[in-house]
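Data block below; observations after.
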Amino acid sequence: MKKIALLITITFISISTYSQNSNEAKKLLDEVAQKVETYKNIYIEFDHKLDNSDADIHQETKGSVTLKKDLYHLNYMGTEQIFDGKKIYLIIHEDEEVIIQNKTKDSEEALTPSKIFSFYKNGYTYKMDELKTIKGIKIQYVKLRPIDSNSEINSILIGVDIKTKHIYNVIEKGENGTITTLEVRTFKTNQPLSEKLFIFDKAKYRDQKKYTISEPK
């Protein structure tokens, strides 16, 4: 009887500790998201890495993105992606092609630049992970695991700069062993922006006869 009572006590302590850890992790991510909401706009330069030792894959790419609420203008791997609130414009310069898509339910659910600070809110469990000092900066990691057992994602680590409450990096581990890392190099806020930055100028590309523009019907 004493053993059963002890086991029950240990179980309750474990559940309580996990719940507290989970609450602390979510609270930290909520602080990051709430702080982002106070900015008029955000400009980020980032390093993107893709690694899979089994497949002998190692890729490193740089990119940048400007965010203004839900609007964004992304530059990555020689392409531009613009979201003006209604449509997504993918400009592939190498192929001289522009693909225009309407905002759909699928695109709303997809992980887009504007959701990088809020994607954690649905579909994941949380827990505090390691606290590391990187380049003199204290980074607290939060580990996310998908609730969906069929997810291709094994886990996601979000590194948060304790002092600024800004995201330092995001490390995603896939079930296939692929590790994707996004590390923020530059983080600027409330920059003077042209409103044209989030507007696709169709005439600019229509006049360049080499560019093919594909639009939804």
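Side notes on the structure shown:
- Test for T181: is it closer than 18 Å to F117 by Cα and in contact (Cβ under 8 Å) with a residue 40 or more places away in the chain: yes
- Flag if R185 is open to solvent by 50 Å² or more (accessible area, probe 1.4 Å), within 17 Å of the chain's Cα centre (by Cα) and more than 18 Å from G63 (Cα to Cα): no
- Every pair of residues 6+ apart whose Cβ atoms lie under 8 Å, when the first sits in region 44-58 and is outside any strand (DSSP E or B) while the second is not polar (S, T, N, Q): S53/G177; D54/G177; A55/G177
- Output for region 36-64, where each listed residue is surrounded by 14 or more Cβ atoms within 10 Å (Cβ to Cβ), over 15 Å from the mean Cα position of the chain (by Cα) and within 14 Å of H166 (Cβ to Cβ): Y39
- Positions within region 65-89 being surrounded by fewer than 17 Cβ atoms within 10 Å (Cβ to Cβ) and farther than 13 Å from L197 by Cα, in sequence order: K69, D70, Y76, M77, G78, T79, K86, K87
- Search result, residues across region 59-92 that are touching a residue at least 40 places away in the same chain (Cβ under 8 Å) and acidic (D, E): D70, D84
- Residue check for L144: crowded, with 16+ Cβ neighbours inside 10 Å and farther than 30 Å from D201 by Cα: yes
- Yes/no for I100 being among the hydrophobic types (A, V, I, L, M, F, W, C), surrounded by fewer than 17 Cβ atoms within 10 Å (Cβ to Cβ) and at pLDDT below 90: no
- For region 91-105, a residue qualifies if it is part of a strand (DSSP E or B) and under 12 Å from Y211 (Cα atoms), and the qualifying residues are I91, I92, E97, V98, I99.
- Members of region 188-217 found to be open to solvent by 70 Å² or more (accessible area, probe 1.4 Å), without any contact (Cβ under 8 Å) to a residue 60 or more places away in the chain and more than 27 Å from I42 (Cβ to Cβ), listed by number: R206, D207, K209, K217
- Selection from region 183-217 of residues that are part of a strand (DSSP E or B) and modelled with pLDDT under 90: T212, I213, S214
The values are calculated or read from the model by the stated rules, or taken from the named source; none is laboratory data. Computed from a predicted model, the values in this text were never measured in an experiment. Reconstructed Cβ throughout: ideal geometry from the backbone, glycine too, with neighbour counts over all protein chains shown. Remember, those area values only see protein heavy atoms, side chains included, never the ligands or the DNA or RNA. Shrake-Rupley method; radii C 1.70, N 1.55, O 1.52, S 1.80 Å.
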